[in-house]
Amino acid sequence: MYVCLCHGISDKKIKKLAFEQGVTDIQGIRRITPLGSQCGKCIRPTKELLNEISTIAMFKQAS
């Protein structure tokens, strides 16, 4: 699913950045990609996705 239509950034790209490069916040994503630099509608869904990713990571650490 595309999170940022303006720049063609998908949820898979964000997950890859989070899991492989340890990017855990919106500022980190924006340093690497142009996410949110045009219309800004992708900021909220990206934050929600990052929250889901961090919840999954915490769950995996606990098990």
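The values are calculated or read from the model by the stated rules, or taken from the named source; none is laboratory data. Predicted model, so just to flag it, every value in this text is computed and none were measured. Quick reminder, even Gly has a Cβ in these numbers, built from the backbone with ideal geometry, and neighbours come from all protein chains shown. Ligands, DNA and RNA are excluded from the accessible area calculation, which covers all protein heavy atoms including side chains. Shrake-Rupley method; radii C 1.70, N 1.55, O 1.52, S 1.80 Å.
Using the Karplus relation 6.51 cos²θ - 1.76 cosθ + 1.60 with θ = phi - 60°, the per-residue 3J(HN,Hα) values for segment 28-33 come to x, 5, 6, 5, 9, 10 Hz, with x marking Gly and Pro. Seen against the Cα atoms of the chain and their longest principal axis, helix 11-21 is set at about 50 degrees. Projected label points at Arg44 and Arg30, each 7 Å from Cα along the beta carbon direction, are separated by 1.7 nanometres. Just so you know, the Rg over Rh for the chain is 0.98, from Cα atoms, with Rh as the Kirkwood radius. Measure off, as a whole percent, the carbon and sulfur share of the 1.4 Å-probe accessible area of the chain, all protein chains present. Carbon and sulfur together cover 53 percent of it.
Could you sort Lys15, Lys60 by their accessible area in this structure, using a 1.4 Å probe and putting the largest first? Can you show the working numbers first?
Working: Lys15 80, Lys60 135 Å².
Largest accessible area first, the list is Lys60, Lys15.
Across segment 38-51, computed HN-Hα scalar couplings (Karplus, 6.51 cos²θ - 1.76 cosθ + 1.60, θ = phi - 60°) run 10, 8, x, 5, 8, 5, 4, x, 5, 4, 5, 5, 5, 5 Hz from first to last residue, x flagging Gly and Pro.
Using 1/(1 + (r/R0)^6) with R0 = 25 angstrom and r between the beta carbons of Ala62 and Tyr2, what's the FRET efficiency to the nearest 0.05? Don't skip to the end; give the middle numbers.
Working: r = 32 Å, r/R0 = 1.26.
With R0 = 25 Å, the Cβ-Cβ based efficiency is 0.20.
Could you give the accessible area per residue of the chain, probe 1.4 Å, as a whole number in Å²? Can you show the working numbers first?
Values: 4590 Å² over 63 residues.
Ligands and nucleic acids excluded, the result is 73 Å² per residue.
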